[in-house]
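The values are calculated or read from the model by the stated rules, or taken from the named source; none is laboratory data. Nothing here was measured: the structure is a model prediction, and the numbers come from that model. Ideal geometry is used to build each Cβ from the backbone, glycine not excepted, and the neighbour counts take in all protein chains shown. Protein only, heavy atoms only, side chains kept; ligands, DNA and RNA dropped before computing areas. Shrake-Rupley method; radii C 1.70, N 1.55, O 1.52, S 1.80 Å.
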Amino acid sequence: MELNSVKETEVLIVGAGPCGLALACDLARRGVRALVVEQAPTLFPGSRGKGIQPRTREVLDDLGVGDAVREYGGPAPVGMVWQDGRRQQEYDMFRRAAPTESEPYGEPWLMPQWRTQEILLARLRELGGDVVFSTALTGLDQDADGVTAQLATGPVQASFLVAADGGRSTVRRALGIAMAGEEVDPAPMLVADVRVAEDALDRLNWHATRWEEGFLTLCPLPGTADFQLAAQFREGEPDTSPEGVRALIAARTHLSAGDVTEVRWSSDFRPRAALADRFREGRVFLAGDAAHVHSPAGGQGLNTSVQDAYNLGWKLGLVLRHGAPVALLDSYEQERRPVAADMLGLSTRIHRGEQERGAAAQQLGLGYREGPLSVGRAGALRSGDRAPDGPTTGGRRLFDVFRGPHFTLLAVGTDTALPAFDGEQLRVHRTDACAAYGKGLFLVRPDGYIGWAGEDASGLARYLAPLGVPEVTRC
């Protein structure tokens, strides 16, 4: 896609990583005009963020790519420890649980980051959007009415701008927003995508070795012929050249350099944790790695980033399409920054061996109980909680009912009278019983969290009116 005559848009998204693409998909299905620009000439080519947590799978399913994620990804293999060229023992670094009625995804799902981005870009194009590649942002100005971004191809005006341009975010630096953090580990790391001769290493395990120089792992990537290599360097600096990667594998494993048939991508980094001082400056928002940078341990970075997009998308849609006040957008930072801080702490503890990759890493327990949009409680749940899945009438699942850009008013085990609302924005669903909910009324937000809950409908219309969902007068 080329800019050509494109001079205006409602939302300018800087960066075509998983966060920027997920946000673009969410806005597109709401009828919001979004322009995605990416400095690089293509999508990111590596596997780096390969772990999809259960909560993120729910998000991706709602965005319409659940089948593709299921087809091209797979469960994480059990680890295998090697020493002196011999297998020692299996180990499992993840919590694995069978799917339940309320939690349909019980374990992390592996899929290389490049594949996640390809899937999201294909979905964006289905929805009528696209990405403008080889287009850097060089500056920006804003006032009360919008943002003017200076791009390499010329100026673009937008109502809002979202920085999804990574840990070295150009937008964040232009705004002068500081990022406080710490070095998680002084040892640099190398990550690469490699191919190995079929008879040299099986794809049934996540292979790991430990040396005085640092650990090395080779993880088979589902849906590909590749392994992701991750290696720590307690001394010296990583050599990311194909020859350097081959030599590293030969030095720390039983494989020879010749067993590595291809080095497809490589990069080095130092694990660190950092959090932006704020996620919003006027009409500009920080999301994903532009707002928080994680250690890769525990697989939280990509997942937290996609969920930033999922939180922000519906709020921008309400402001731009349904007359909600701009002040609604304050809730993005109020809800997401505490979550990002918690996930940064979790990633750091996992990296340092202070905490296992347990239930917290799956992000199913995250919520917004203390957030500004959470009001009331009913049955087994409080507002701000994730809305569980479950069976409902007609053989459907609740997630099928929730899927889409609308609110859902779920009435469980009650026939209480309900006010009428715009059916495009809010759909009502009644079900006899659902153990995960108990009895009551539950307003499920477009991002799958309970915004309001009560035993009857008193207060519901008052909650929805500022969100641009007015009660419809009955004739």
Residues being within 19 Å of the chain's Cα centre (by Cα) and of a type in the set (S, T, Y) - total across segment 59-115 | 2
G258 under 27 Å from the mean Cα position of the chain (by Cα), modelled with pLDDT of 95 or more and open to solvent by 20 Å² or more (accessible area, probe 1.4 Å) | no
Go through segment 198-222 and count every residue that is surrounded by 14 or more Cβ atoms within 10 Å (Cβ to Cβ) and part of a loop (DSSP other than H, G, I, E, B).
-> 6
Could you list all residues from segment 76-125 that are touching a residue at least 40 places away in the same chain (Cβ under 8 Å), part of a helix (DSSP H, G or I) and either open to solvent by 40 Å² or more (accessible area, probe 1.4 Å) or not aliphatic (A, V, I, L, M) (or both)?
-> Q113, W114, R115, T116, Q117, E118, A122, R123
Members of segment 88-128 that are more than 18 Å from P54 (Cα to Cα) and touching a strand residue (DSSP E or B) at 6+ places or on another chain (Cβ under 7 Å) | Q88, Q89, E90, Y91, L121
Lone qualifier among V191, V156 - being within 21 Å of the chain's Cα centre (by Cα), outside any loop (DSSP other than H, G, I, E, B) and touching a residue at least 12 places away in the same chain (Cβ under 8 Å) = V191
Does A309 satisfy being in contact with a Lys or Arg (Cβ under 9 Å, 6 or more places away or on another chain), buried (at least 24 other Cβ atoms within 10 Å of the Cβ), closer than 18 Å to R172 by Cα and not charged (D, E, K, R)?
-> no
Counting only residues in segment 328-350 that are open to solvent by 40 Å² or more (accessible area, probe 1.4 Å) and either of a type in the set (D, E, K, R) or farther than 21 Å from G317 by Cβ (or both), the one modelled with the lowest pLDDT is identified as R349
Would you pick out the residues in segment 450-469 that are touching a helix residue (DSSP H, G or I) at 6+ places or on another chain (Cβ under 9 Å) and not β-branched (V, I, T)?
-> G451, W452, G454, P466, L467, G468
Tabulated pairs, segment 168-184, first among the charged types (D, E, K, R), second part of a loop (DSSP other than H, G, I, E, B) and surrounded by 14 or more Cβ atoms within 10 Å (Cβ to Cβ), C-beta under 9 angstrom, 6+ apart or interchain = R172/D165; R172/A291; E183/P271
Hey, could you check segment 225-240 for residues that are polar (S, T, N, Q) and under 15 Å from P188 (Cβ atoms) and say which is most open to solvent (accessible area, probe 1.4 Å)?
-> T240
Are any residues in segment 286-306 charged (D, E, K, R) and surrounded by fewer than 24 Cβ atoms within 10 Å (Cβ to Cβ), and if so, which ones?
-> none
Which condition number does G404 fail, the rest of (1) within 19 Å of G367 (Cα to Cα); (2) touching a residue at least 60 places away in the same chain (Cβ under 8 Å); (3) in a loop (DSSP other than H, G, I, E, B) being met?
-> (1)
Within segment 298-314, identify whether any single residue is assigned to a loop (DSSP other than H, G, I, E, B), in contact (Cβ under 8 Å) with a residue 12 or more places away in the chain and of a type in the set (G, A, S), and answer yes or no.
-> yes
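Residues are listed down the side, and each one gets a yes or a no for (1) among the charged types (D, E, K, R); (2) touching a strand residue (DSSP E or B) at 6+ places or on another chain (Cβ under 9 Å); (3) at negative phi:
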{"site": "D199", "(1), (2), (3)": "yes, no, yes"}
{"site": "R210", "(1), (2), (3)": "yes, yes, yes"}
{"site": "T217", "(1), (2), (3)": "no, yes, yes"}
{"site": "A230", "(1), (2), (3)": "no, yes, yes"}
A careful count of residues in segment 435-475 that are of a type in the set (A, V, I, L, M, F, W, C), more than 19 Å from A324 (Cβ to Cβ) and either open to solvent by 30 Å² or more (accessible area, probe 1.4 Å) or part of a loop (DSSP other than H, G, I, E, B) (or both) gives 4
Of all residues making up segment 365-401, the number that are open to solvent by less than 10 Å² (accessible area, probe 1.4 Å), of a type in the set (A, V, I, L, M, F, W, C) and in a loop (DSSP other than H, G, I, E, B) = 1
Any chance segment 167-174 includes a residue that's surrounded by fewer than 16 Cβ atoms within 10 Å (Cβ to Cβ) and among the β-branched types (V, I, T)?
-> no
